[in-house]
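**Student:** Got a structure for you, written out below as structure tokens; questions coming shortly.
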Amino acid sequence: MSRVGKALIPLPQGVEIRLDLPRVTVKGPKGELSMVLHKDIRLTEEEEGGRRVLKVSLDDPTDLTAHAQWGTTRALVANMVEGVSQGFSKILEVVGVGYKINLRGKTLVMSAGYSHEVSFELPDGVSAVVENNVVTLSGPDKQLIGEAAARIRKIRKPEPYKGKGIKYAGEAIRRKAGKTAKTGE
């Protein structure tokens, strides 16, 4: 039994669920997201204790493929519900002398130690705020936010000697000692 799959998904006020099987669409104040469900996984909207919840269940509990997707589907739908109601955000820091980042429309323009500026076009559904070389990406789709943040970080990963580069806020960079000078013999 999947412990994650059995957990109910609470539906906050202002969030609507539309089930056009195999597609589920979640709509809320922050936007609208949809995904395609596995053919043997069912979603049902229920009332429990005076609140609306969403239950994820299996048509055939012996189907191993559907069973493997059960907890994953529940987590993805829960992320969709949280995304359209509260939204998600990732914070990136640009560290290093001469490293800068600016926002021009929907494009991030970075000076990251290359001989040229590097530009990154933000995908639809992702918004960015730049303040003092700190970029905050936000939007309703957790997967899209994480992917955009990873692609921005990949432009100049933090290096272990000085820690220069683009890193996630709170990310600990493992530092290495540099070369040691030879002492006279």
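**Student:** Helix 142-155 against the longest principal axis of the chain: what's the angle in degrees, Cα atoms only, rounded to the nearest 10?
**Tutor:** 20 degrees
**Student:** Using a Gaussian network model on the chain with a 10 Å cutoff between Cα atoms, which of 126, 94, 24 fluctuates the most?
**Tutor:** 24
**Student:** I've got another one for you. Counting other Cβ atoms within 10 Å, keep those with at most 10, restrict to DSSP loop, and tell me which trypsin sites (Lys or Arg not before Pro) in segment 78-183 are left.
**Tutor:** Of the trypsin sites (Lys or Arg not before Pro), the ones in loops of segment 78-183 whose Cβ has at most 10 other Cβ atoms within 10 Å are 174, 176, 179, 182.
**Student:** Where does helix 64-85 land angle-wise versus the long Cα axis of the chain, in degrees 0 to 90, nearest 10?
**Tutor:** Relative to the chain, helix 64-85 is tipped by roughly 70 degrees.
**Student:** With springs only between Cα atoms under 10 Å apart, run a GNM on the chain and tell me which of 102, 132, 79 wobbles the most.
**Tutor:** Greatest mean-square fluctuation among the candidates belongs to 132.
**Student:** While we're on this one: Towards the positive end of the charge dipole of the chain, with charges on Cβ (+1 Lys, Arg; -1 Asp, Glu), say which of 135, 31, 65 has the farthest Cα.
**Tutor:** Comparing the listed Cα positions along the dipole, 135 ranks first.
**Student:** Find the eigenvalues of the gyration tensor of the Cα atoms of the chain, then list the square roots of 5 times those eigenvalues as equivalent ellipsoid semi-axes, largest first, in whole angstrom.
**Tutor:** 42, 21, 14
**Student:** Placing unit charges on C-beta atoms (Lys and Arg positive, Asp and Glu negative, everything else neutral), compute the dipole magnitude of the chain about its Cα centre in debye, rounded to 20.
**Tutor:** 1120 debye
FYI, it's all coordinate maths here, none of it is from the lab. These numbers come from a predicted model, not from an experiment. Positions of Cβ are generated from backbone atoms using ideal geometry, with glycine treated the same way; all protein chains shown enter the neighbour counts.
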